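First up is the structure itself, then whatever we jot down about it.
The values are calculated or read from the model by the stated rules, or taken from the named source; none is laboratory data. A quick note: this is a predicted structure, and the numbers were derived from the prediction, not measured. Backbone-built Cβ (ideal geometry, glycine too); neighbour counts: all protein chains shown. Protein only, heavy atoms only, side chains kept; ligands, DNA and RNA dropped before computing areas. Shrake-Rupley method; radii C 1.70, N 1.55, O 1.52, S 1.80 Å.
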Amino acid sequence: MSSQIMSALPQTSSSSLDLWREKNVRLVEQARKLTGDSRLSLRRQQLAQDTLEGFRELLFTLQGLPAAVPALPLELSVICNYIILRTSLAQGFPEDLTQDVQRGLERVLETQSQLEPKSQQGLQELWHSVLSASSLLPELLPALHCLASLQAILWMSTDHLEDLALLLQTLSGSQTETSEDLLILLKSWSPSAEKSDAPLILQDAEDLRDVLLTTLAYRQGLQELITGSLPRALNRLHEAASGVCPPSVLVQVYTALGTCFRKMGNPQRALLYLTAALKVGTTCALPLLEASRIYRQLGDTAAELESLELLVEALSATHSSTLKLHIEVELLLPQPDPASPLHCGTQSQAKRLLASRCLQTGRAEDAAEHYLDLLAMLLGGSEPRSSPPTSSPGPCIPELCLEAAAALIQAGRAPDALTVCEELLSRTSSLLPKMSLWKNVRKRTKELPYCPIWVSATHLLQGQAWSQLKARKEALSEFSQCLELLFRALPEDKEQGAGSNCEQKCQPDVALKHLQVAALLSRGLEWVASGQDTKALSDFLLSVQICPGNRDGSFYLLQTLKRLERRNEATAFWRETQNQLQQGETIWSLPLYLETCLSWIHPPNCEAFLKEFGTSLLEVS
């Protein structure tokens, strides 16, 4: 059959074919010399582009002639080399690569006299026709299987898993009709080995299949980890770690295994995998972030913060790039979703995490310095955006300012906190309309719906700073301005803006109410300190009306009524609200600056006082 085909086609001269084979060898060897060189210079990149152009020209020459069996192994090898090199240089998969695959398959069918009109055959049909052809020469199989591996990689990169499964079924001769056994199908396929006299290929079919195996095992393991199927995740991740795993991917796999064991309640085993990930020595960020989570779970705050400090350093380090002119697992791995346990984030996000954890764990001085460093980092360049975008790549500036001010106040640095607040007001308050036009706030701040809340919270923190400086007049003024802004907010504004924390999800109406309560209690305490209990009583009463059952508000209200000797009113209030007080308050997720502010006004003897007050009423009755 092959002799009939060859006699029916123009003969490709042996000398020309040898010249083309030699050119392919030179180009492959040139690409291999460039691969992995740490000196990533413009000249070496240009040499790689020249090599790609050489493959393109060679392919153009071969496909400019009628398809012939003697030249097909070389032609398919050149197609594979062109796709591998182009993908490597692009660090991705250009859409038109499938056209090169399709053209190669059509050329094979042309030699078999089986090519149907192009409109009738898609890629899947072409592959079925080619692989089921009875007259394929054995020497064609290595290059054809390499092309099939590249097709499988292209379909995996675009999540065409059903097409991938059908191709693997055809290659392995499997009769399985589901696409759930991709790993089994891949393992059952044994690509044809290259012979010594076969045209050179940058990566053979077996190498590409191993890349597919590692990629698929890792992706499945990560998906099982996200969905909570931890034993299955462990199996897949161990399989990925034992495969063809470049160092950068091995770090990710070991970190994912650490996450698995942490979630399974085995932190010590998790730390072993994270140590192994750090020893790989490519990038330390992922295992350091996971280590901080484990130490937090163990209650080892010092180790947690040390991990976060090292994480910030790791994300600030620059890594030298090497020229990789072959397809590796990284190219087939999608970027981690922000919700993924393997999403590391940016240096500013890591710095913010470190600062917030310092603030939450009582290390106010360290928190203040980290926040100031972060603000200097973010504000040092161009003018930052005031509102968080839909998918913010880093922390939003206003919330950082509020957290920084809270940390400075906590650290006893009220003047510095006032400076930060003034800077924030200069950037945001001008965006608000005049108070008489507050009804138009929502229309005027469409692009900055959080702005009214930021401004209100800034006045709250300024009031706390002045209070720390014993400047009661200024403190009362700031608290009053905060409340005036908050009580003029419209329902539309509450829906949009109160949950302004960029990263901590909280219910808008809850956050707004707690902000109002914080301002009322803060102002009430200033009235108490200045001996104006009646005015304080009004603020404390309003706070418990806004948040019924609020224990701090109830404490200050009852204490003030008791001090004013208005026992009957205190008793009536207690009887109305004792059920709510005994049930305890619901724990809400609030912005960190607000949580910090509420902690300042929380009376340390609140529970004891409420219990004692209730007991005294029972004794009287």
### Query
So is Ala364 modelled with pLDDT of 90 or more and crowded, with 21+ Cβ neighbours inside 10 Å or not?
no
### Task
Determine, yes or no, whether Leu202 is under 22 Å from Ile83 (Cβ atoms) and not in a helix (DSSP H, G or I).
yes
### Query
Does the stretch 253-290 hold any residues that are in a helix (DSSP H, G or I), out of contact with any Phe, Trp or Tyr (no Cβ under 8 Å at 6 or more places or on another chain) and open to solvent by 10 Å² or more (accessible area, probe 1.4 Å), and which are they?
Arg262, Lys263, Gln268, Leu271, Leu272, Thr275, Leu278, Lys279, Leu286, Leu288, Leu289
### Message
I'm checking my understanding of the structure. Among residues of the stretch 124-183 that are open to solvent by 40 Å² or more (accessible area, probe 1.4 Å), among the small types (Gly, Ala, Ser) and under 36 Å from the mean Cα position of the chain (by Cα), which one is modelled with the lowest pLDDT?
### Response
Ser179
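Go through the stretch 521-546 residue by residue and tally those that are assigned to a helix (DSSP H, G or I) and touching a residue at least 40 places away in the same chain (Cβ under 8 Å). Give the derivation first.
Going through the stretch 521-546, the residues assigned to a helix (DSSP H, G or I) turn out to be 521-529, 533-546.
Right, trim to touching a residue at least 40 places away in the same chain (Cβ under 8 Å) and you get 521-523, 525-527, 529.
The number of residues fulfilling the criteria is 7.
Residue by residue, here is whether (1) surrounded by fewer than 14 Cβ atoms within 10 Å (Cβ to Cβ); (2) within 30 Å of Arg413 (Cβ to Cβ); (3) modelled with pLDDT under 80 holds:
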position: Val441; (1), (2), (3): no, no, yes
position: Lys473; (1), (2), (3): yes, yes, no
position: Ala498; (1), (2), (3): no, yes, yes
position: Asp509; (1), (2), (3): yes, no, yes
### Query
Applying the selection to the stretch 239-252, what residues are more than 21 Å from Thr346 (Cα to Cα) and crowded, with 23+ Cβ neighbours inside 10 Å?
Ala240, Cys245
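From the list Glu399, Glu383, exactly one residue is acidic (Asp, Glu), within 17 Å of Asp373 (Cα to Cα), at pLDDT below 95 and not in a helix (DSSP H, G or I). Which is it?
Numbers: Glu399 fails: not in a helix (DSSP H, G or I).
Just a single option satisfies the conditions, and that option is Glu383.
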### Query
Of the numbered conditions (1) at pLDDT 90 or above; (2) open to solvent by 10 Å² or more (accessible area, probe 1.4 Å); (3) over 28 Å from Leu136 (Cβ atoms), Leu40 satisfies every one except a single condition; which is it?
(1)
### Task
Report the residue count in the stretch 20-79 for those that are under 23 Å from Ser321 (Cβ atoms) and outside any helix (DSSP H, G or I).
7
## Note on the structure
Of Arg232, Arg219, the only residue that is assigned to a helix (DSSP H, G or I), farther than 30 Å from Ser113 by Cα, touching a helix residue (DSSP H, G or I) at 6+ places or on another chain (Cβ under 7 Å) and open to solvent by 30 Å² or more (accessible area, probe 1.4 Å) is Arg232
### Neighbours by Cβ (under 9 Å, 6+ apart or cross-chain): first from the stretch 171-195, on the phi > 0 side of the Ramachandran plot; second surrounded by 13 or more Cβ atoms within 10 Å (Cβ to Cβ) and modelled with pLDDT of 80 or more
Gly173/Ser188; Gly173/Trp189
### Message
Every residue in the stretch 514-528 that is open to solvent by 10 Å² or more (accessible area, probe 1.4 Å) and out of contact with any Lys or Arg (no Cβ under 9 Å at 6 or more places or on another chain), please.
### Response
His514, Gln516, Leu525
### Summary
Taking the stretch 204-263 and keeping only residues that are within 20 Å of the chain's Cα centre (by Cα) and acidic (Asp, Glu), one is left with Glu224
